[in-house]
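The values are calculated or read from the model by the stated rules, or taken from the named source; none is laboratory data. Everything numeric in this text was worked out from a predicted model, so none of it was measured. Glycine also receives a Cβ, built like all others from the backbone with ideal geometry; neighbour counts cover every protein chain displayed.
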Amino acid sequence: MSLVVLGLSHHGAPLPLLESVALDPEARTALEAALLRSTHLTEVVVLSTCNRTEVYAECLTFHGALTDITAALAEACSVERSALQPHLFVHYQERGIAHIFSVAAGLDSMAVGEAQIVGQVRRSLARAQREGHVGPALNAVLQQALRVAKRVHTETDIDLVSGSLVQAGLSRAVAALGPLSDLSVLVVGAGGMGALAAATAARAGARTVVVANRNHDRARSVAERVGGTAMPLSRLDAALAEADVVISSTGAPARVVQVDHVRDALAARDGRPQVYVDLALPHDVDLAVADLPGATRVGLGELGEDLADTGSAPQVTEAIDLVTAEVAAYLVTRSAEAVAPTVTALRSHASVLVEEELLRLERRMPDLTAAERAEVRHSVQRVVDKLLHTPTVRVKELARDGQGGSYARALSELFDLDPRDVSLVSAPPVMTGDEG
C-alpha cells in the first residue's frame, strides 16, 4: 500500500473555492466513509481548515485512488470536478509524508508557524480513529507528524515570528482606527481561533474584550481567561454597536454578521468607524460590509498578503531544517520496518530447515549422545548463521538508503518466502526432546 495526499489550499486555490470545499466534522466523516467504499483505498483522514481541505489516504492503486478521491470530494462539496481539478495538488509516498509533517508543524499555513493547525490535525485523527477510518499506516504517519510539530514549537523560535492571522488583523485595525489601547474588541465565536483572538487582543492591550458565542458558558470561559466579558450571540446587534474592532471566526455555515446588522451598528455609533476581521471559512462577515461608509472588512485574502514575507525568517528556516531531518529519519525507520518481516521470515525458514535436518539425523543415527547431538546442532546453526548474515545485514543497509524493498522482494523470491505468512513469521522453532 502507498500514501497519497490530495487536496487544495491557500497556495493555489482562490478563497471562494476554498470556502466551497470547507467541510465541518460531520461532512468530513461522511466523505471518509464514502471514500472507504472505494476498492482503491484502505485508510482515509480528511483535514479541513480555514485555508485547506486535504485527503490523506492509503491506497492500493494510485490512479484509481486519485479518480475516486477527486470525484468524492467534488460531490461532497457540490463543486464541479472541472472547477476543482485545476487547483488540486497531489503528493505521493515520501513527498506526502513530508507534506503532512510540514502541515502539522504550521510551515504550510497562511500564517507560517501558527500553532492552531496542530490541534486541528490531532482532532481530525482522533475523529477518524473513533469512526474506524484510519489504520496502522496513516495512524503512524500522523502520530509522528504531531510529535514533530511539538518539537518544532518547543525546540525552535518559530512562535516568535509566526505572524498570526489575529495579529495581522489587529495591525490592520490599528492602522485604520488608532492605538489598540483606545479600542473595544468584540470576538464572535469561542472556538480555538476565537479563544486565540481574545487572548491576542487582550495581550496586545485592547481597551476591552467582549466574547459573543452561541454557547454562553463557553463564551464566559474564554472571556474570564483574558479578563474580558461574555454575552450570548442573541445580543450580537447591541454588541456590534459598541465594538470598534470585530473579529469573527465561528465556523457557522451561514453569515453571522449581516450587512444590515453592520449598517444599524454604524448608525448607532454616530459616524465612528469600525474594522471587521473575518477569520472564518466559510466567511462570517457579509462581503457587502466592505461597501458601507465607515466600515472596513478584512478577510483571509488580505491577511494572507500581509503575512506573505514571514516564511523567509531565520526561525522558519530553523524549523524547516528540523522537519526535513525528521522526515528523513522517519523514512529510514519505515524502510527498516518494511523489510523486517522478510528478515524474520528468512530466519524462521532457516530455523525450520535446521530442525527438519536434525530430526532426520536423529532418526538415522539414534545412538548419538546428547553431547554429540549438541555439537552437530551448534555446527549446523553456525553454518546457517554465516550464510544468512550477509543478506540480512545488506537488506537492512539498503533499507536505510531507501532501496530495501526490491532487495527484500528478491530474497522472498529466491527463498520462496511469504512475509505475510503468520505461521512462518511468528511460530517458534521446532524443539527436539533434548532441548528445554
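Odds and ends about this structure:
- Matching residues in region 270-292 - criterion: being under 16 Å from A241 (Cβ atoms) and touching a residue at least 24 places away in the same chain (Cβ under 8 Å): R272, P273, Q274, V275, Y276, V285, V289, L292
- With respect to the conditions (1) closer than 17 Å to A252 by Cα; (2) touching a strand residue (DSSP E or B) at 6+ places or on another chain (Cβ under 9 Å), E19 lacks only one, and its number is (2).
- Count - residues of region 80-120 that are out of contact with any His (no Cβ under 9 Å at 6 or more places or on another chain) and closer than 15 Å to C50 by Cβ: 8
- Selected residue (criterion: surrounded by the most Cβ atoms within 10 Å (Cβ to Cβ)) from residues of region 20-57 that are under 19 Å from S2 (Cβ atoms) and among the polar types (S, T, N, Q): S38
- Annotation: of all residues in region 315-338 being more than 13 Å from A98 (Cα to Cα) and acidic (D, E), the one that is modelled with the lowest pLDDT is E337.
- The lone criterion from (1) over 23 Å from the mean Cα position of the chain (by Cα); (2) at pLDDT below 80; (3) of a type in the set (S, T, Y) left unmet by S248 is number (2).
- Scanning region 273-300 for residues that are charged (D, E, K, R), in contact with a Leu (Cβ under 8 Å, 6 or more places away or on another chain) and surrounded by fewer than 19 Cβ atoms within 10 Å (Cβ to Cβ) yields a count of 0.
- Subset tally (residues that are in a helix (DSSP H, G or I) and farther than 19 Å from R28 by Cβ) for region 138-166: 16
- Of the residues in region 58-69, not one is surrounded by 22 or more Cβ atoms within 10 Å (Cβ to Cβ), in contact with an Asp or Glu (Cβ under 7 Å, 6 or more places away or on another chain), of a type in the set (A, V, I, L, M, F, W, C) and more than 26 Å from L300 (Cα to Cα).
- Condition met for E114 (touching a residue at least 24 places away in the same chain (Cβ under 8 Å), among the acidic types (D, E) and not assigned by TED's automatic domain parsing to the domain that holds A329): yes
- Output for region 85-103, where each listed residue is within 22 Å of G119 (Cβ to Cβ) and aromatic (F, W, Y): F101
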